[in-house]
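What follows is a set of notes on a single structure, which appears directly below.
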Amino acid sequence: MGYTIAEKIIKAHLVKGEMKKGSEIGIRIDQTLTQDATGTMAYLEFERMGLSRVKTEKSVAYIDHNTLQCGFENADDHRFIRSAAKKYGVYFSSPGNGICHQVHLERFGIPGKTLIGSDSHTPTCGGLGMLSIGAGGMDVAAAMGGSEYYITYPKMIKVNLTGSLRPFVSAKDIALEVLRILSVKGGVGYIVEWGGEGIKSLSVPERATITNMGAELGATTSIFPSDEVTRKFLKAQGRENDYTPLSSDPDAVYDKTIDINLDTLSPLAACPHKPDNVAKVSELTNIKVDQVCIGSCTNSSLYDMLKVAALLKGKHIAEGVSLSVSPGSKQVLNMLARCGALSDIISSGARVLECACGPCIGMGFSPSSGGVSLRTFNRNFEGRSGTRDAKVYLVSPETAVASALNGIFTDPMTLGDFPKIEMPDSFIIDDSSVIPPASPKEAEKVELIKGPNIGDIPKSEPISDTISAVSILKVGDHITTDHIMPAGAKILPYRSNIPYLSKFCFEVCDKTFAERAKKAGKGIIIGGVNYGQGSSREHAALVPLYLGIKAVIAKSFARIHAANLINAGILPLTFKNADDYDFLNEGDNLEIIGIIEGLNTGEIKVLNKTSGKVFTAICDFTERQKELLKAGGLLNYAAGNLG
């Protein structure tokens, strides 16, 4: 039996465990990335672990999320990360150099290598045949220190593409079609591999759009072969020596196969408020549009921007529409300027924003009250844009431009002839904004610079045999990390200040939660299906830890968030019988009994003291996860095992 692409990379990097589906494995990590919204905590955790120097082949710290400096907080975070990068052996990508995933794709990603990043859209580099996985900051810190990264050995989905895309239909539409088929939880426990004759017509940036959106499936990661298309891209980036051909074996076995005929695909849109709420754009026409945002790590490549410029050339956006365009990197912006495409964008009435995440993370450019915003981004969760009642749709750059020009939702296939886009044979190479670390000898003299907004990581305690606490909050299905720990320009500057940040925990669901949790001293959260989906932000675990949350009992968990809870020392339990969720109420006094024994048997009894009922919860953890929980989380465990 042959191997899939992912299986080949895993086999080459396997450190612990067996290649057996459902079992835990530890893999060697070649590269890591952090960004500033998660990076401060990752480097504070690296320091807490007692580690002195990264042991990866390359680690890069990006500044791309908190780039608005409306006070000292963000600037202090950037200064701290820069000092940590210099001291610990990490490359520092300066503010303005670009979005981490776009820059990493351009300058550092290597086919056949492994990458984990403290951002859920790290799978973007799967577009060039790299095994790239989103993770929590603690896991990234441990990997930087030389620890293997642990995942459940995944099942494999193969997506076969046939035919070729029609004009005005793009890679974003392919990604939305798969979300329509599988849903936001359909990829949980899987790696998605893309193949078939149809991939030959997709450039690396187009492939990266697809693997980026794979994060919304809940998949471990997504990956394309490394082929002649990959070699051409790397050559244009001056990195042809990084090319390695990589493909699946003819007799590789997949657990599920999906076939998509690109010839029949139409422009699609994800409707509010979920990435899998997909409809044809032709069914949405005549909806008035207030705002259009083009960019993010999903659609900010040079190819995307050249399409946007060509479609806007000689035209002007409709009255009443606010259009933003965010190139993904300094390289993209520079090349747009040199070829004149930037002028075409500006002349259309668009506002050109910094090479950063910006509106995607709620960092400015929020829609008007109740406004309709079309975005080429990857998430449209309620309130993520910064406007609670906004209606956010996810679309391709082609649909975004067509709608901005007409002022209403417009199928781009009605625009006429598609402009011819000529991609350059070579890109402008300017890595001057990537600052190398100090040498090991010089690093000894480097001091970590911590401003007044940079606080301590909340401490956790070894798990006890019994947890008695009130059910402090009960929430429904598909609670995202944006619900738990919101983003946005008002909150992101405090990512290094857990006590202040705690005021906003679960604010979207219940404005009284933080105050009630702090007053109670300890509590338990009850959740529905796919609890913790979305961003990899570990603040969604660290802040509840600070507020005294001891356990979360849910119908099911998103992969990264479950790992983050365990890393924080919070017990994540699932209902053995999902119907038991219905008999729990906020305010019930619960007692989780026999935890230590339950960790070994896989089942734990929970007594509802208020109703007198007893139900069973599943605690299906690996031996390593049990040790983490017994130690009180990864930091406590690592202090005795890594430092």
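The values are calculated or read from the model by the stated rules, or taken from the named source; none is laboratory data. Only a predicted model underlies this, so the values are computations on that prediction, with no experimental measurement involved. Because the Cβ atoms are built from the backbone with ideal geometry, glycine has one as well, and the counts that use them run over all protein chains shown.
Residue under question is K313, and the condition is that it be surrounded by fewer than 18 Cβ atoms within 10 Å (Cβ to Cβ), in contact with a helix residue (DSSP H, G or I) (Cβ under 6 Å, 6 or more places away or on another chain) and either small (G, A, S) or touching a residue at least 24 places away in the same chain (Cβ under 8 Å) (or both); does it hold? The answer is yes for K313.
Residues checked against (1) in contact with an Asp or Glu (Cβ under 6 Å, 6 or more places away or on another chain); (2) surrounded by fewer than 23 Cβ atoms within 10 Å (Cβ to Cβ); (3) among the aromatic types (F, W, Y); (4) farther than 25 Å from Q237 by Cα:
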| position | (1), (2), (3), (4) |
| --- | --- |
| L179 | yes, no, no, yes |
| G189 | no, yes, no, yes |
| V192 | no, no, no, yes |
| G195 | no, yes, no, no |
| K200 | no, yes, no, no |
| V204 | no, no, no, no |
| G214 | no, no, no, no |
| A219 | no, no, no, yes |
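The residues in the range 343-366 that are more than 20 Å from D290 (Cα to Cα) and buried (at least 21 other Cβ atoms within 10 Å of the Cβ) can be counted, and the count is 3. Filtering the range 170-189 to residues that are hydroxyl-bearing (S, T, Y) and over 18 Å from S535 (Cα atoms) leaves only S170.
Would you check if there is a residue in the range 319-331 being hydrophobic (A, V, I, L, M, F, W, C), within 18 Å of A37 (Cα to Cα) and assigned to a loop (DSSP other than H, G, I, E, B)?
Our first condition is that a residue be hydrophobic (A, V, I, L, M, F, W, C); within the range 319-331, this holds for 321, 323, 325.
With within 18 Å of A37 (Cα to Cα) added as a condition, the list becomes none.
So far as the range 319-331 goes, no, none of its residues is hydrophobic (A, V, I, L, M, F, W, C), within 18 Å of A37 (Cα to Cα) and assigned to a loop (DSSP other than H, G, I, E, B).
Of everything in the range 571-588 that is free of Cβ contacts under 8 Å to residues at least 60 places away in the same chain and either part of a helix (DSSP H, G or I) or within 15 Å of K630 (Cβ to Cβ) (or both), the residue that is farthest from the chain's Cα centre (by Cα) is F583.
Would you please name the residue that is surrounded by the most Cβ atoms within 10 Å (Cβ to Cβ), looking only at residues in the range 260-288 that are among the charged types (D, E, K, R) and over 12 Å from E177 (Cβ atoms)? Ranking the candidates gives K274 first. Here G127 fulfils each of the conditions (1) over 19 Å from the mean Cα position of the chain (by Cα); (2) buried (at least 24 other Cβ atoms within 10 Å of the Cβ); (3) assigned to a helix (DSSP H, G or I) apart from (1). Taking (1) touching a Ser or Thr at 6+ places or on another chain (Cβ under 6 Å); (2) farther than 16 Å from G358 by Cβ in turn, F46 satisfies each apart from (1). Looking only at residues in the range 609-623 that are surrounded by 14 or more Cβ atoms within 10 Å (Cβ to Cβ) and touching a strand residue (DSSP E or B) at 6+ places or on another chain (Cβ under 6 Å), the one that is nearest to L590 (Cα to Cα) is T610. Do we find that S266 is farther than 25 Å from S396 by Cα and modelled with pLDDT of 95 or more in this structure? Here the answer is no, as S266 does not meet what is asked. Per the listing S468, S433, S464, the residue uniquely surrounded by fewer than 16 Cβ atoms within 10 Å (Cβ to Cβ), modelled with pLDDT of 95 or more and among the polar types (S, T, N, Q) is S468.
Yes or no, residue by residue, for (1) within 24 Å of T574 (Cβ to Cβ); (2) touching a strand residue (DSSP E or B) at 6+ places or on another chain (Cβ under 6 Å):
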| residue | (1), (2) |
| --- | --- |
| E461 | yes, no |
| D465 | yes, no |
| M485 | yes, no |
| Y500 | no, no |
| I524 | yes, yes |
| G527 | yes, yes |
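Residues are listed down the side, and each one gets a yes or a no for (1) more than 24 Å from A215 (Cβ to Cβ); (2) modelled with pLDDT of 95 or more; (3) in a loop (DSSP other than H, G, I, E, B); (4) not acidic (D, E):
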| position | (1), (2), (3), (4) |
| --- | --- |
| V552 | no, yes, no, yes |
| A562 | no, no, no, yes |
| E627 | yes, no, no, no |
| Y637 | yes, no, no, yes |
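Mind checking whether some residue in the range 341-356 is touching a Ser or Thr at 6+ places or on another chain (Cβ under 8 Å), closer than 17 Å to T209 by Cα, at pLDDT below 90 and not aromatic (F, W, Y)? No, the range 341-356 contains no residue that is touching a Ser or Thr at 6+ places or on another chain (Cβ under 8 Å), closer than 17 Å to T209 by Cα, at pLDDT below 90 and not aromatic (F, W, Y).
Quick check: anything in the range 229-247 surrounded by 19 or more Cβ atoms within 10 Å (Cβ to Cβ), within 17 Å of F377 (Cβ to Cβ) and in contact with an Asp or Glu (Cβ under 7 Å, 6 or more places away or on another chain)? Scanning the range 229-247, I find no residue that is surrounded by 19 or more Cβ atoms within 10 Å (Cβ to Cβ), within 17 Å of F377 (Cβ to Cβ) and in contact with an Asp or Glu (Cβ under 7 Å, 6 or more places away or on another chain), so the answer is no. Of everything listed in (1) at pLDDT 95 or above; (2) over 23 Å from E591 (Cα atoms), the single unmet condition for I484 is (1). Taking the listed residues I408, I345, I421, the one that is more than 28 Å from Y62 (Cβ to Cβ), aliphatic (A, V, I, L, M) and more than 28 Å from the chain's Cα centre (by Cα) is I408, with no other qualifying. Please determine whether any residue of the range 531-538 is over 21 Å from the mean Cα position of the chain (by Cα) and of a type outside the set (S, T, N, Q). Looking for residues that are over 21 Å from the mean Cα position of the chain (by Cα) and of a type outside the set (S, T, N, Q), one finds none in the range 531-538, hence no. Check whether at least one residue in the range 14-32 is of a type outside the set (D, E, K, R), farther than 27 Å from M213 by Cα and assigned by TED's automatic domain parsing to the domain that holds E216, and report yes or no. Yes, the range 14-32 contains at least one residue that is of a type outside the set (D, E, K, R), farther than 27 Å from M213 by Cα and assigned by TED's automatic domain parsing to the domain that holds E216.
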